[in-house]
Amino acid sequence: MAVDEGILRRFEEEWQGNAGKIFHIVQAEELQTVLTDLADANGVSDQNPIVVSGLSEKWAQWIRTWNMKQVYIWNPEDEAEEFRHRCADASVGITGCAWAAADAGSVCLYSQKDSSLLPSLLPPVHVVMISAAQIVSTFREGMDRLYRDARQGGEWPALVKIVAGPSMTADIEGQLILGVHGPRDVYAVIVDN
Amino acid sequence: MRIQHAGETFRKEDEIPVKVQLFVSCLADMVRPEAAIAAVHVLEKRGVGVEFPEGQTCCGQFSYNAGYQHEAAVMARHFVRVFESGTQEDPTDILALSGSCAATVMHTYPGLLYEDALQQGEPETKAREWKKRAEAVAGRVHEWSMWLGEHADQPMAPNGSPLPVAYHLGCHMRRLLPESRKAQDLLRALGIDAREPENAEECCGFGGTYSFTEPVVSTALADDKLANVQNLVQDAGAVCLTGADLGCLLHLEGRLRRQESSLPVCHVAELVELADQNRLTPDQVRQLEQGGGK
Amino acid sequence: MAGQLPYDNRPWPERRDAALQNQTMRHTIGFVTRRFTLIKGEIYRTSPDLEASRKTAVGQKRQAIRDLPQLLEQFRNQVERRGAHTYLAAQAQDAVDIALNIARSHQAELVIKSKSMVTEEIELNQAFEKAGIPVRETDLGEYIIQLAKERPSHILAPAAHRNRHQVEELFQADASREKISPPQSDEIEDLTRYARSRLRQEFLRADMGVTGGNFLVAETGTLVLITNEGNADMVTSLPPVLVSIVGVEKIVRDWASLTEIIQQPAMSGIGRHLSSYTTMIQGPKSPGSVEGPREWHVILVDNGRMALRDTEFEDVLSCIRCGACLNACPVFREVGGHAYGSVYPGPIGIVETPLLTDFQVLPELPSALCTLCHACQEACPMDIALPDHIISLRHTIVKRHLNSSTVNWTLRTWARFWSTPGGYRRSISLARVMQRLSGKKRNAQGLFPGIFAGWGQTREIPQVAPKTFHEWWQEWKERAEEK
Ligand code: SF4
């Protein structure tokens, strides 16, 4: 599907305006490089792994083929409590998203059986993978999309989360600090298909 | 607004309303008549005939804003009667020497007089009649300097650099009268460099009766305002503090004097008159302050 | 029925002076409020589509308030269908009791909370502490003031009155109580890191979560929460039991209305298109999901709100608690939130506090903390007629004889004199006499009648001119006639 360059640029601008960071990739190998660099920079280890959830099968497959030891991909068959513990200790969390909105520089995640929100919340670094075709031009369109998705799916996801930048606070002396409860760094990895 | 070379008068035939009524406000009348006198001179210089309905007192805003609706309505009815007499066939503009009073007549009177009539047990028809009368008067009211900026021709600004002054735009004029910036355009055209202090949109703390009933907070606000005004004096060489609302100005002046500051404070009409007379110098501005009932 | 609100029982002059002496607070509040006002103005100027949304949202919200009972019913049906529980609490105390019952029935040992004004309003934390159930505030600012045992000084920046050194002291004391390592320094970065690790443990351990709510969507049974820190995500994701306590006025009709209004709190409050986190809850988690509560309870709080419907103050129920009116208010910038003595400070607090409680608490607010500069009116995204309401409340105070006799005397005498030209002239003569008697002495206020005396405490009193304009005009006219 053809990607609207204008929408893409707007998303990047606004996402960065919200203190988010951007990577562009076309091929699987590039993703590997990005993840390896992030893992190195953020002290990924056996105790502090990378947790993954809600990726499309294709992307999950990419990651699986590299056989990285310290990567846990959520599988609904697994024990939820155990995954929760892993997320609490993780250094990096990776998720997909349902859609992204260019004008607000935001991504939207649904909590469903096969996709957990915790990798976007507990680790200090959140990587959200976005297919360029998932980016809609306005937040309004995103809201419409969410409504349609819920209607079509027959039931609303119990939790929906819209992320527009890292966790932040200005509660002490009005000074902006990132990463107070949620991630300090949020990366959007945009996959141009 | 057109600029015209200085001459005997600045009037352009047929283009300026020939007659206006002046509402000077209770404050100008009692404590700063120089402002009202200057306003008369400036209008006449532009060929505008000034009528001063002598029965006028006060617009009643102090009472209204303090929650004394009926007391305000008593004054408002008086205002309406004074300004509607003799103007049935020939309604003239009413120029108020205060943005805040103008806003009160324009925005508050119709509803107030309607409500108060009902409260006093008058029939609905009578209440509606009061509303209509109030609306008719309200429709004629303008703030003096905005009106002047819009309707009258101005003399050519003198050559040389404009005189910097600290300009205080009162909250009601700023927020309740559309296009209040026109007033500053007028001053600029006359060679008065009207500069707003930092945080200009912040209230000076006057607030009508608020300045009496809550002197502590009122003064804290005045001190913030004056600190920014003093910065203009220091950094931009502002020679005085001016504005179109005497309430704010008297409050700020009272505070300056208590702090032993001699920074001149004057109404814009006084500066416009100086400009008309080609006497717009720091010295002359300082003398305004020593004026006192010419 | 009138609601119940907690309040600070120090008299206003005491609250005021304490505030004016707190330079840290004044500095931070001044800085934060001016910055927010600036960026708020900027973002609306550059987002015309969101300005259009705002206008639509105002109309829709007004209608939703008119239809409040039906919409609440619809909301409750929707979430109950998904297995959540809902309650309607008429008074503050009812809401507290319901929440306590839920906590007790689960033998909750630790409750974590995200920020919510309505829980301040009903004093939930105090009730839980009394019942022996610890509640942990997790918004950084709320956590700080919880340690300090204070109330918020700003609805968006609750700890804006404290500086880093004061925060460090609180954290040091907390660390030694908890026997954990204290913050490394009083750098804000270090303080925040301390709070993160300290609260993280509690998030994972807590068995009950409490949230407020920014919006309730009747059509879909959605509760929307907006934060920048992400703590509401923690609270909605981690504990097995979730209790959301929300004012009834938060209702919007449908998804389309939510779409118009959802960006307004961030736009108006912090000048961004969205806050970092917008979380929507639709129901308890489905089996097998990793996150979300097993049980979800929604307590809808009336506490004096319903009584405002069909009154001239109905628009107050459209408030989205964005804080823009606080940020714009010159008096708030000067004295901060504590001086108001109410959980709702600033212009909206001035209006809401007496209204929700039918003037039972803090009736001085409308007169004491507003200069009627109309900055709040300009700032409010929901077009709430704040200055008009303040005047109207002052009028109510007059009607109910709540003003001092000095104020009454002054305003009544004033009107009597000034409603005729003769009376007006007499008052001027009188003023001249007073002035002569006082000479040019400083602090001559003793001679001035009624409330006028207040002026002279801090400012020189203007002198009545030797010749008023009226007098000048007469002479001038005569001279003109002679010519
Ligand atoms: S009254 Fe208006 S500006 Fe103030 S908090 Fe409510 S919505 Fe925001």
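The values are calculated or read from the model by the stated rules, or taken from the named source; none is laboratory data. On a predicted model such as this, the values are computed, not experimentally measured, just so you know. Positions of Cβ are backbone-derived with ideal geometry, glycine not excepted, and every protein chain shown enters the neighbour counts.
If B:E260 satisfies all but one of (1) more than 24 Å from B:R46 (Cβ to Cβ); (2) at pLDDT below 95; (3) in a helix (DSSP H, G or I), what's the number of the condition it fails? Condition not satisfied by B:E260: (3). Checked against the criteria, B:C204 counts as within 11 Å of chain C (Cβ to nearest Cβ) and in contact with a strand residue (DSSP E or B) (Cβ under 9 Å, 6 or more places away or on another chain). Based on this model, can you work out whether B:A66 counts as small (G, A, S), within 14 Å of chain C (Cβ to nearest Cβ), surrounded by 20 or more Cβ atoms within 10 Å (Cβ to Cβ) and under 30 Å from B:V31 (Cβ atoms)? Considered against the rule, which asks whether it is small (G, A, S), within 14 Å of chain C (Cβ to nearest Cβ), surrounded by 20 or more Cβ atoms within 10 Å (Cβ to Cβ) and under 30 Å from B:V31 (Cβ atoms), B:A66 comes out as yes. Comparison of C:I251, C:I262, C:I245 shows that the only residue that is within 11 Å of another protein chain (Cβ to nearest Cβ) and at pLDDT 95 or above is C:I262. Of the helices (runs of 4 or more DSSP H) lying entirely inside region C:304-418, those containing at least 3 residues that are within 14 Å of chain B (Cβ to nearest Cβ) and within 16 Å of the ligand (Cβ to nearest atom) are C:324-328, C:330-335, C:346-356, C:375-379, C:386-399. Counting only strands (runs of 3 or more DSSP E) that fall entirely inside region C:199-245 and contain at least 2 residues that are closer than 14 Å to C:E137 by Cα, the qualifying elements are C:208-211. Can you name the residue in region C:270-286 that is within 16 Å of the ligand (Cβ to nearest atom) and not hydroxyl-bearing (S, T, Y) and is also farthest from A:L118 (Cα to Cα) among such residues? That would be C:G271. Put simply, of A:L122, A:L118, A:L146 the only residue that is over 16 Å from C:T236 (Cα atoms) and out of contact with any Leu (no Cβ under 8 Å at 6 or more places or on another chain) is A:L146.
Does B:R279 satisfy the criteria of being surrounded by fewer than 17 Cβ atoms within 10 Å (Cβ to Cβ), more than 8 Å from every other protein chain (Cβ to nearest Cβ) and not in a helix (DSSP H, G or I)? So B:R279 fits the description; yes.
Check whether at least one residue in region C:195-218 is facing chain A (nearest Cβ under 9 Å) and touching a Gly at 6+ places or on another chain (Cβ under 6 Å), and report yes or no. No; the residues of region C:195-218 include none that is facing chain A (nearest Cβ under 9 Å) and touching a Gly at 6+ places or on another chain (Cβ under 6 Å).
Looking only at region C:312-333, decide whether some residue is hydrophobic (A, V, I, L, M, F, W, C), farther than 26 Å from B:C171 by Cα and modelled with pLDDT of 95 or more. Looking through region C:312-333, at least one residue is hydrophobic (A, V, I, L, M, F, W, C), farther than 26 Å from B:C171 by Cα and modelled with pLDDT of 95 or more. Looking at the structure I just gave you, is B:V216 out of contact with any Cys (no Cβ under 9 Å at 6 or more places or on another chain), among the aliphatic types (A, V, I, L, M), assigned to a helix (DSSP H, G or I) and facing chain C (nearest Cβ under 7 Å)? Taking the combined requirement at face value, the residue satisfies it. Where helices (runs of 4 or more DSSP H) fall wholly inside region C:79-183, the ranges with 2 or more residues that are under 20 Å from C:G349 (Cβ atoms) and within 14 Å of chain A (Cβ to nearest Cβ) are C:140-148.
The single condition from (1) without any contact (Cβ under 8 Å) to a residue 24 or more places away in the chain; (2) at positive phi; (3) touching a helix residue (DSSP H, G or I) at 6+ places or on another chain (Cβ under 7 Å) that C:G304 fails is (1). Here region A:123-175 is the region considered, the condition is being part of a loop (DSSP other than H, G, I, E, B), more than 7 Å from chain C (Cβ to nearest Cβ) and within 16 Å of the chain's Cα centre (by Cα), and the residue that is nearest to A:G17 (Cα to Cα) is A:P124. Provide a single number: the residues in region C:246-269 that are under 17 Å from the mean Cα position of the chain (by Cα) and more than 14 Å from the ligand (Cβ to nearest atom). Going through region C:246-269 one residue at a time, the tally reaches 2.
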